[in-house]
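The values are calculated or read from the model by the stated rules, or taken from the named source; none is laboratory data. Just so you know, these numbers come straight off a predicted model, no measurement behind them. All Cβ positions, even for glycine, are placed from backbone atoms using ideal geometry, and neighbour counts span all protein chains on display. Ligands, DNA and RNA are excluded from the accessible area calculation, which covers all protein heavy atoms including side chains. Shrake-Rupley method; radii C 1.70, N 1.55, O 1.52, S 1.80 Å.
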Amino acid sequence: MTFALRATDGAARRGTLRLAHGDVETPAFMPVGTAATVKALTPDDLRAFDARIILANTYHLWLRPGRETIAELGGLHAFMSWDRNILTDSGGFQVFSLESRRVLTDDGVRFRSHLDGSEHEFTPENVVGFQEALGVDVAMALDVCVKLPATKAEVDESVRLTTLWARRCAAARTREATALFGIVQGGLDERARARSAAELAALELPGYAIGGLSVGESRDDLYRMTRFTAALLPEAKPRYLMGVGTVRDLIAAIDGGVDMFDCVYPTRCGRNGRALTRAGDLNIRSATYVRDARPIDPSCACAVCATYTRAYVAHLFRADEMLGPRLLSYHNLAMLAQLMSEARAAIENGTWGAFRDANAAHRV
Ligand SMILES: [Zn+2]
C-alpha cells in the first residue's frame, strides 16, 4: 500500500491511495456493504459510479457465513464478485454496541451472537487472522469504542486497551497485501485523543482511523474532535473518519484534513425514501412529489436521475415496490461520489474554500 498526497488547500487534502485492487482517489466515500453486499446494489452498479473501495463488516461475516465458507470460495472479493478494494472494520464497534452480551478483558472480548446467542471471542490476533483470510485490502485493528458520555476512567481505559490491542494486531500480521489501519479513540477528551494518536503513530501503521465519533455527540463536538485528531496524525498516511456520511459532515471533515469516510446513511436513507440532493435531503414519500416530473436531483449526473422522475420514484415507494429503495440507494451513493470528485477537483485547483462554503450550510 502507498499513499501519495497530491495537493493540499488549507487542511484539506487530495491524495491517491494505492491498494492491492487498484487506486482510490481521496477524499473518498466508501459505500457500506455490511454483509458482503451494499444493500440493493450490484457490483456493476458500484462500478457505474466508480466506487473504488467498499466496506464490509467482520462481526457480521464472522457469524454468517463464517471464515471457512468465504475462504473456501476464494476469499471475499471472489465470494461477492467485487474486483475492486475492500476494507473490513474490526467488529469492535458492533461488539461494543451489544453491551449486555459482552465481557471485556485484556485478552479480548467475549460476546454472544445477536443471531442465535452462540458464544464467540474476538482477540486482536483472531480478528487480524479473519480479515487476512478474507483477503481484504485494508483491515482495521480491534479497538475499544466508548459510549458517550463517558467518564475519564472509561475513556482512559479504552485508550489503553486500544493501544495494547493495536500492538498485538500489528504483531499478528502475516499478509503483505492487507494493510492494517489503527483506530484512534479518546472520546471527547483532547488529552486522551492526543495520547491515543501518539501511541498508535509510534507503531508506524500504513493508515489511521478516527473512531469513537459520530456516536450521538453534537455536531460541534464531532467537528472539533475530528479536526483536532486529524492534525495529530502522520501527514503522509491516509486518515479515515468512521461513520460519517451526510454532506455537511463530509465537507467539515475534509476541511479538517480527513481523506476517507464510510456510513450507512446514504443506503439507509435510500431504503427509507430519503433522497440526498445538493439542495438538501428530501422525503420522496411527501405528497409534494407525486406529480413532480423533475429528476431526484436536477444537478446529479447519475443514471437514475438521467432516467426517472421524482413522480415515478414516489409512486414506487407508495406502491411498496422494491425498485424504489434500489433507485434511491443508487442515487444517494452516486451523488456522494460526485461530491467527492468535485471536492478533489476543488482542492487541486485551490478553490476548496469556495466549494466548502457553498456546501457547508447543506440542509440535512
Ligand atoms: Zn442521481
| Magnitude of the Cβ-charge dipole of the chain, K/R +1 and D/E -1, about the Cα centre, nearest 20 debye? | 780
| Filtered trypsin sites (Lys or Arg not before Pro), the stretch 218-295: DSSP coil and at most 11 other beta carbons within 10 Å | Arg291
| request: First select every other residue whose beta carbon is under 15 angstrom from the beta carbon of Asp320; then total the charges, Lys and Arg +1, Asp and Glu -1. | output: +3
| said: Can you tell me, using C-alpha contacts under 8 Å and at least 6 residues apart, the relative contact order of the chain as a whole percent? | reply: 17
| task | Select from Ala172, His114, Leu282 the residue farthest towards the positive end of the dipole of the chain; place +1 on Cβ of Lys and Arg, -1 on Cβ of Asp and Glu, and compute about the Cα centre. | result | Leu282
| note | Given the candidates Gly135, Thr88, Thr151, the one whose Cα lies deepest towards the positive end of the charge dipole of the stretch 85-165, counting +1 at each Lys or Arg C-beta and -1 at each Asp or Glu C-beta, is Thr151
| How far is helix 219-232 tilted off the main Cα axis of the chain, in degrees rounded to 10, range 0 to 90? | 50
| remark: If one compares the long axis through the Cα atoms of helix 190-201 with the longest principal axis of the Cα atoms of the chain, the angle in degrees, nearest 10, works out at 70
| query | Rounded to the nearest 500, what is the chain's calculated 222 nm mean residue ellipticity when only DSSP H runs of at least 4 contribute -39500 (n - 2.57) each, over all residues? | reply | -12500 deg cm²/dmol
| Where in the stretch 336-364 is the amide nitrogen less than 15 Å from a point lying 7 Å along the Cα-to-Cβ axis of Asn283? | 364
| task | Please list 308-315, 169-176 highest first by mean number of surrounding beta-carbon atoms within 10 Å per residue. | result | 308-315, 169-176
| request: Give the peptides 206-215, 228-237, 108-117 in descending order of average Cβ contacts within 10 Å, highest first. | output: 206-215, 228-237, 108-117
| task | Find the centroid of the Cα atoms in the stretch 291-359 and in the stretch 202-239, then give the distance between the two in whole Å. | result | 28
| message | Please report the carbon-and-sulfur percent of the accessible area for the chain; probe 1.4 Å, protein heavy atoms only, DNA, RNA and ligands left out. | response | 50
| request: Using the Cα centre as the reference, give the magnitude of the dipole from point charges on the C-beta atoms of the stretch 274-325 (Lys, Arg: +1; Asp, Glu: -1; all else neutral), rounded to the nearest 20 debye. | output: 120
| said: Running a GNM on the chain with Cα contacts under 10 Å, which residue among Ile70, Ile53, Ile86 ends up with the highest mean-square fluctuation? | reply: Ile70
| said: With +1 on the Cβ of every Lys and Arg and -1 on the Cβ of every Asp and Glu, and nothing else charged, how large is the dipole of the stretch 158-275 about its Cα centre, in debye rounded to the nearest 20? | reply: 320
| query | For Ala48, what is the net charge nearby, where nearby means another residue's Cβ is under 15 Å from its Cβ and Lys, Arg count +1, Asp, Glu -1? | reply | 0
| query | Using 7 Å Cα-to-Cβ label points, what is the Ala177/Asn272 separation (nm, one decimal)? | reply | 3.8
| Residue separation times 0.36 nm, minus the C-alpha to C-alpha distance between Glu321 and Glu157: what's the value? | 54.2 nm
| said: Run the simple label-point estimate for Ala231 and Val290 please: 7 Å along Cα→C-beta, distance reported in nm. | reply: 5.3
| task | Mind telling me which of Val290, Val95, Val159 comes out most flexible in a GNM of the chain, alpha-carbon contacts under 10 Å? | result | Val290
| field | Distance (nanometres) between label positions extended 7 Å along Cα→Cβ at Thr69 and Ala4 | value | 4.1
| remark: Stretched fully, the stretch from Ala35 through Ala306 gains (0.36 nm per residue minus C-alpha distance, one decimal, in nm) 94.6 nm
